[in-house]
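Colleague: Let me give you the structure first, and then I'll get to my questions.
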Amino acid sequence: MIADSTTFVDTSAPVDPARQALVRKMKGEIVITMTEAAQMLRMGVKTLRRKCKRGEITFVVKGGETRPRRMFAVSDLEAFLQKRQDETRYTRLSRPDWMASVRVSHAPKRKSTKG
């Protein structure tokens, strides 16, 4: 067995490189649940699920096949927020020149009373 300051590693077990990479990545990171992540990002759980499905937010699946749960590293969520903030900072809303004089009314149209 090899020991460092916090963990013991059994060297007799077969080494899975993917698992080692995951352990290295998650070591020292705070991992939170889907509900907590949605609250942190100020969005609904359904919206967070859609963003996960699209690959916009990274997550780790914990649990077995019966009830797998998505868990989120706080650093990944902070990176998502930073990326989104950078995108909105540099995205400028542009309108065609002809729209400058167009006034948009949001009031519902009235029915004609011609009879």
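Colleague: Using a simple spin-label model with points 7 Å from Cα along the Cα→Cβ vector, what separation in nm is obtained for residue 56 and residue 109?
Modeller: It is 3.2 nm.
Colleague: Using 7 Å Cα-to-Cβ label points, what is the residue 33/residue 78 separation (nm, one decimal)?
Modeller: If labels sit at residue 33 and residue 78, their model points lie 2.3 nm apart.
Colleague: Figure the gain on full extension for residue 47 and residue 86 (residue separation times 0.36 nm, minus the Cα-Cα span) and round it to one decimal in nm.
Modeller: 12.0 nm
Bear in mind that the values in this text are calculations on the coordinates, not laboratory data. Values in this document were obtained by computation on a predicted structure and should not be read as measured data. As a convention, Cβ positions derive from the backbone with ideal geometry for all residues, glycine included, and neighbour counts pool all protein chains shown.
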